[in-house]
4 protein chains.
Amino acid sequence: MATCEPPPGPSLAALPSAPRATPVALWHVAAMLRVGILGASGYMGGEALRVLLDHPGAEIAWLTSRSGDAVDEVHPNLFGLGLRMIRPEEATPCDVAFLALPTAASIDAAERLLGQGAKVIDLGAAFRLKDRATWERVYQQAHPAWPLAEEAVYGISELHGPAIAKARLVANPGCFASAAILALAPLVREGLVDLGHLVVDGLSGTTGVGAELHRAAHHPEIGDNLVPYNVVGHRHTFEMEQELGLLAGREVRVHFTPTYVPIVRGILAVCHGFTARRVGRGELLELYRDFYEGQPFVLVYDRPAEAGSSWKYEPYPWVSAVAGTNYCYLGLDVDEQRGRVVAFGALDSIGKGGAHAGIENMNLMSGLERTAGLTRRGRHP
Amino acid sequence: MATCEPPPGPSLAALPSAPRATPVALWHVAAMLRVGILGASGYMGGEALRVLLDHPGAEIAWLTSRSGDAVDEVHPNLFGLGLRMIRPEEATPCDVAFLALPTAASIDAAERLLGQGAKVIDLGAAFRLKDRATWERVYQQAHPAWPLAEEAVYGISELHGPAIAKARLVANPGCFASAAILALAPLVREGLVDLGHLVVDGLSGTTGVGAELHRAAHHPEIGDNLVPYNVVGHRHTFEMEQELGLLAGREVRVHFTPTYVPIVRGILAVCHGFTARRVGRGELLELYRDFYEGQPFVLVYDRPAEAGSSWKYEPYPWVSAVAGTNYCYLGLDVDEQRGRVVAFGALDSIGKGGAHAGIENMNLMSGLERTAGLTRRGRHP
Amino acid sequence: MATCEPPPGPSLAALPSAPRATPVALWHVAAMLRVGILGASGYMGGEALRVLLDHPGAEIAWLTSRSGDAVDEVHPNLFGLGLRMIRPEEATPCDVAFLALPTAASIDAAERLLGQGAKVIDLGAAFRLKDRATWERVYQQAHPAWPLAEEAVYGISELHGPAIAKARLVANPGCFASAAILALAPLVREGLVDLGHLVVDGLSGTTGVGAELHRAAHHPEIGDNLVPYNVVGHRHTFEMEQELGLLAGREVRVHFTPTYVPIVRGILAVCHGFTARRVGRGELLELYRDFYEGQPFVLVYDRPAEAGSSWKYEPYPWVSAVAGTNYCYLGLDVDEQRGRVVAFGALDSIGKGGAHAGIENMNLMSGLERTAGLTRRGRHP
Amino acid sequence: MATCEPPPGPSLAALPSAPRATPVALWHVAAMLRVGILGASGYMGGEALRVLLDHPGAEIAWLTSRSGDAVDEVHPNLFGLGLRMIRPEEATPCDVAFLALPTAASIDAAERLLGQGAKVIDLGAAFRLKDRATWERVYQQAHPAWPLAEEAVYGISELHGPAIAKARLVANPGCFASAAILALAPLVREGLVDLGHLVVDGLSGTTGVGAELHRAAHHPEIGDNLVPYNVVGHRHTFEMEQELGLLAGREVRVHFTPTYVPIVRGILAVCHGFTARRVGRGELLELYRDFYEGQPFVLVYDRPAEAGSSWKYEPYPWVSAVAGTNYCYLGLDVDEQRGRVVAFGALDSIGKGGAHAGIENMNLMSGLERTAGLTRRGRHP
């Protein structure tokens, strides 16, 4: 084999922080984690399955669905693997379980699985809020296992990494909550913006509708259209207020409105904050880079915004680049004249805003390399 | 021919305000207006042409483009009509001229055409702002004919109808300015929201990019993507602040950020205002209906927002319904807990936000029926 | 008013054949046709309604739906008109009725309405085939009123215009049948291609799925996807074989396969014929222009195909240009080396392939100007 | 860690043929291949880079582009990796080189790199055809290094795997050639269809246009449109005829027409063959399964086509499922009445139809596991 001297510039050797396929030495001594997915027929459970099938440290123990379908009847992308789904009651003990279930079923399943010694990652909303009255009002039901909600760690690894690593139960965040919290966290922690008037417009691909048929996602209706929904009081609002309030050390008001747009995967949170003092874009980009220093999956898109730069694209995050991945792109700009910051958070609602983040949490909870199975970059185009 | 008794309900006879094809009696005595379009090879000029070809009271005098192309080389939808474009210097006098030109060329052309006695509708930005210093800063050039800017009427018919009817020169508004001003006008006039912190997120179809090729509109890049652009300081901001300031009687601050989304036609302005006092959705819908009473092209989408209504769609405006038309749909909702109104304005950037609104202005300026040529509803789906 | 001399070139005065808004003199003496639509809540009936609302010679008598919804609960584009739908049994006599119903209901309704003296245009498939055995096999039911099927005229105005003008009952063609028949008719009549091996690939926007929710049209599934369906034995095949067989004077075999593509409106039939003798593109374009001479709604897209022409677009029909209209664009090319013609037919499945063509037929049947209400060109972009 | 008994059905243990992440034992003894990409700024080279960054047995030696841009200026999905591109003349020796270059530059580069001892995979068209006269006519230039074209192995691993494994130079196939050849190969080898009249309609996502701006890919033009291009004489036709001719042992005629559709990634070849004798769908599916037995990346989509099956989707391949991957889905149906087979080939033009297939070839040429780096399934949705 020819020797091949690396040229000075582009070698990856100079890039210690770039996430890559996990070094093999970590794996060949470890047993594979045995992982179950409760509710594998929807989009969220299916995405967890897709990534886990290729994960170097995990193997599928079982998959459940109420219908007991074959996997390739509901997930055309997994055709030919011969995977079957079992009914939830047939599930056997395993190391880690993902829950992609309705709220009440999640709570039942979490109790049972934790009792069997499994670690549990709930991809739903059963354990996300820390204030019981708020949870019960927002989800319009009594919570039958509140101590679990108190125990659960809110699964944003960038904010709660050490606690996640020690947790039995992780409450994986809502997709828009992930995007907006990551986009606003540095501003809020530093107290740079008016905490009573944060405005978040959320643009969502239709994956967010879920696999159930729905008029708002019928292609003739949405294919060349924009559909606002839950325009006030969306449930993710309360997660944003909780987590940003923790960072701020006081109450925060988030004014959140989502709109479906005709892309399939990916969401964009456009977040507005009114500045308390004059700040510039450069200063804020530096703040963001510092805040997310060493985080493998949050990238601060700090491209020059000046006209005339050689940059061929708009200097803001690119939703399509994070679709299908665990990456979140952040970006921002400042209207110095009017005193406003706009911060963008782009991620995939079933990627970094869902199943992929759940797998990152599984890695942390299980002592695996945090990036295992998650390093593949998104597409271009 | 069979007689045909109207059933009690659905007859149009009960709908005096519904715009329809203009009664013929108005037209058969009038001479046809002779209309020229300067800059007919772009999307805006082409859309004006498409509608004028079917207008009952106007006929095309000439079309210009710098390249002198045949119309069907640049507009595949107008194939086979045999229309040619002339060079701008070949244009002859006419009754009404539409300008779809770069700013400096618009000013030149407006002076010349007004001097020939034509009425002029500028579809560009040359005459939209009333403050010279602001205009010159925003458009980064000296204005060589400021008295015309002072004379020009800002072409939102719902706000300036009588002045438009008497005008020689109309400055047709920017698309996002139209959408946001119409969506916010009732709130601002009534002083119901904090005028220093209006936030507008604008979602734009790619028609807004224009006919020139541009990386942000290359289908592989935008086809499954969302692209924020001009996220602070967008030029339409200053029109919003000017017109809403006039309604409020004092200075207004609009915090505006647009994003391209992969639809072709139509824009949606998502407008947030913080309420000064507690208001409910019903009260505001009534305010909006009153404000736009009798306006044929602004429709207040006052569908019930309660869960369980028989309504099959989200109770907010439908962008696809106004694409290709002169209609603007408005809608709104209120977060009473947090004190925020969200108001939506949906229109087509080259429809009610451009060429169609220009034709409405032409109708008003020329004594024609205001709705002539513009009544056709949009598509579903 | 300024005088306005027409420049030599672009005046419409030189374009006698260009369809325009119908001269008013035709209308102000005529009574308005009273028109009913049976099944107005679907996409097809809704599109007929949208165009008829703006038709200069027709007015809506009634609209029916089984659910009795208000029109703006099912058609967001017709919001605010106050139109109600009645139940089918409440329909009163009228001049012309459009049927947008399931097959069996169409047959019932046609019998009743014809008995009341109305003219009937069936937008469905009840009366399209002339061979009873074929119809009953294809539609898997006995036909309870075959004499009506024999009486019905197949509603392609370019082939059966005089018969349509005299008809009581018109069977409006299937959308792909319209596109493929118009694209292949000149070739087949002249015997230029192998009639046993015509291949038609049909690309369909999702409007063709209809308003009922369907997994294949769920945006997450189709939004970035292509979905073949009914790939052999599609019902429109039999219409193509019938009508092309009539033109050829002998049996024709059409091998037709449709695929859903993620556009909303518009279909494209890509039709392949193996040539019996050497022919060139220029010769065939001339044949097509002759064949459709004087037809207002079929345009032969005869752009130069040579590299280096000034033409900015591909020299083939443009689906988006005919969406929402009654126009059909045809185009073609020839592989002289291998002996194949490819002919394209582009139209809108509920435009020239559906409701608009039905209105054209109504105009013909009622002695109105053929183009009334239908002249508006499609959009660009 | 809890023990976790596998339930009977869905365990992967029963799935020996399912491609998975390569067992680590293969890698930790091997040196990493050093790989260069000539022309990394386009979509094809960028996709090769994206996959290679995560490949367990390869590392990037260098990347070139004529402009010398930073990678994240042209590939937003690879933001933050700090990768730079060098000018082609700075490239140093390496183990394997991918060429994503214009034809003439490819030939130059191949000669130089082979001379340095590298293995070369040309992602372009320089070495695909075996008949020099055909190549020179199709590509309209003289070939300056024809012996290399004779030496090059046509890179469809399913047909030429052993030769690829021994090759120095692989000519990676055209995307539509890959799809159509894989879809038609079993039919052609068995002589089941008329070899003079194979018809292929190709539907292409806009990635196929490439990164250069082009009017046909301007989103306002194509976003809701269908654009046929190169409708006769497309260059991939000749690859199809060459490879299918080899399988048949005699001349084959392919009648190929492509159309751009508004999806970003993925292509679908709809292939029609007239049957020589009566065959049924079941029989052909069995033939296809046999033909592709043991092939990890070609999946025969043999879902039941009968009405009433529990299958929730159309029983044909799913383009979105293979986008971004090295998988090709095949499917088919038969019109027994008219004597036609329709076979579908779905793949990604820069996946199995491009860069991913190139990496599969690299694996084969270098003695790596064939599936290394390529096992990740596509998305759903």
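The values are calculated or read from the model by the stated rules, or taken from the named source; none is laboratory data. None of the values given here were measured: they were computed from a predicted structure. Neighbour counts are summed over all protein chains in view; Cβ atoms, including those assigned to glycine, are modelled from backbone coordinates with ideal geometry. What goes into the accessible areas is simple: the full protein's heavy atoms, side chains included, and nothing from ligands, DNA or RNA. Shrake-Rupley method; radii C 1.70, N 1.55, O 1.52, S 1.80 Å.
Structure data summary
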quantity: Failed condition for A:Trp318, given (1) surrounded by fewer than 24 Cβ atoms within 10 Å (Cβ to Cβ); (2) within 14 Å of chain D (Cβ to nearest Cβ); (3) at pLDDT below 95; calculated: (1)
quantity: Candidate set from segment D:31-60 (those that are among the aliphatic types (A, V, I, L, M) and without any contact (Cβ under 8 Å) to a residue 40 or more places away in the chain); member that is nearest to A:Thr375 (Cα to Cα); calculated: D:Leu53
quantity: Single residue of A:Ala183, A:Ala152 found to be modelled with pLDDT of 95 or more, crowded, with 16+ Cβ neighbours inside 10 Å and either of a type in the set (Lys, Arg) or in the same structural domain as A:Glu251 (by TED's automatic domain parsing) (or both); calculated: A:Ala183
quantity: Residues of segment D:365-374 satisfying the condition of being within 15 Å of the chain's Cα centre (by Cα) and farther than 16 Å from A:Arg379 by Cα; calculated: D:Arg370, D:Thr371
quantity: Residues located in segment D:327-372, provided they are closer than 12 Å to D:Val298 by Cβ and touching a helix residue (DSSP H, G or I) at 6+ places or on another chain (Cβ under 8 Å); calculated: D:Tyr327, D:Cys328, D:Tyr329, D:Leu330, D:Gly345, D:Ala346, D:Leu347, D:Lys352, D:Ala357, D:Glu360
quantity: Number of the exception - D:Trp62 against (1) over 22 Å from A:Cys328 (Cα atoms); (2) touching an Asp or Glu at 6+ places or on another chain (Cβ under 8 Å); (3) within 7 Å of another protein chain (Cβ to nearest Cβ); (4) open to solvent by 10 Å² or more (accessible area, probe 1.4 Å); calculated: (4)
quantity: Residue match in segment D:292-301 (condition: buried (at least 18 other Cβ atoms within 10 Å of the Cβ), assigned to a helix (DSSP H, G or I) and modelled with pLDDT of 95 or more); calculated: no
quantity: Residue that is nearest to the other protein chains (Cβ to nearest Cβ) [pool: residues in segment A:193-222 that are of a type in the set (A, V, I, L, M, F, W, C) and open to solvent by 20 Å² or more (accessible area, probe 1.4 Å)]; calculated: A:Leu213
quantity: Among the candidates C:Glu369, C:Glu360, residue that is under 27 Å from C:Gly45 (Cβ atoms), in contact with a Ser or Thr (Cβ under 6 Å, 6 or more places away or on another chain) and open to solvent by 10 Å² or more (accessible area, probe 1.4 Å); calculated: C:Glu369
quantity: Given (1) modelled with pLDDT of 95 or more; (2) surrounded by fewer than 16 Cβ atoms within 10 Å (Cβ to Cβ); (3) farther than 30 Å from D:His214 by Cα, index of the condition C:Ala276 fails; calculated: (1)
quantity: Selection within segment D:91-106 - open to solvent by less than 20 Å² (accessible area, probe 1.4 Å) and in contact with a Leu (Cβ under 7 Å, 6 or more places away or on another chain); calculated: D:Asp95, D:Val96, D:Ala97, D:Phe98, D:Leu99, D:Ser106
quantity: Set C:Val188, C:Val170: member being in contact (Cβ under 8 Å) with a residue 12 or more places away in the chain and within 25 Å of C:Trp318 (Cβ to Cβ); calculated: C:Val188
quantity: Test: residue in segment C:66-74 that is more than 30 Å from B:Leu330 (Cβ to Cβ) and more than 9 Å from chain B (Cβ to nearest Cβ); calculated: yes
quantity: Pick from segment B:323-366, criterion part of a loop (DSSP other than H, G, I, E, B) and free of Cβ contacts under 8 Å to residues at least 40 places away in the same chain, ranking: farthest from the other protein chains (Cβ to nearest Cβ); calculated: B:Gln337
quantity: D:Leu287 being surrounded by fewer than 24 Cβ atoms within 10 Å (Cβ to Cβ) and modelled with pLDDT of 95 or more; calculated: yes
quantity: Inter-residue pairs, beta-carbon under 7 Å, first assigned by TED's automatic domain parsing to the domain that holds D:Glu221 and in segment D:238-261, second modelled with pLDDT under 95 and part of a helix (DSSP H, G or I), 6+ apart; calculated: D:Tyr260/D:Ala216
quantity: Among (1) part of a helix (DSSP H, G or I); (2) open to solvent by less than 20 Å² (accessible area, probe 1.4 Å) - the single one A:Val270 does not satisfy; calculated: (1)
quantity: A:Arg377 open to solvent by 10 Å² or more (accessible area, probe 1.4 Å), in contact (Cβ under 8 Å) with a residue 24 or more places away in the chain and either under 22 Å from A:Leu53 (Cα atoms) or more than 11 Å from chain B (Cβ to nearest Cβ) (or both); calculated: yes
quantity: Residue match in segment D:331-348 (condition: polar (S, T, N, Q) and surrounded by fewer than 24 Cβ atoms within 10 Å (Cβ to Cβ)); calculated: yes
quantity: Residue match in segment D:205-215 (condition: under 17 Å from the mean Cα position of the chain (by Cα), in a helix (DSSP H, G or I) and without any contact (Cβ under 8 Å) to a residue 40 or more places away in the chain); calculated: no
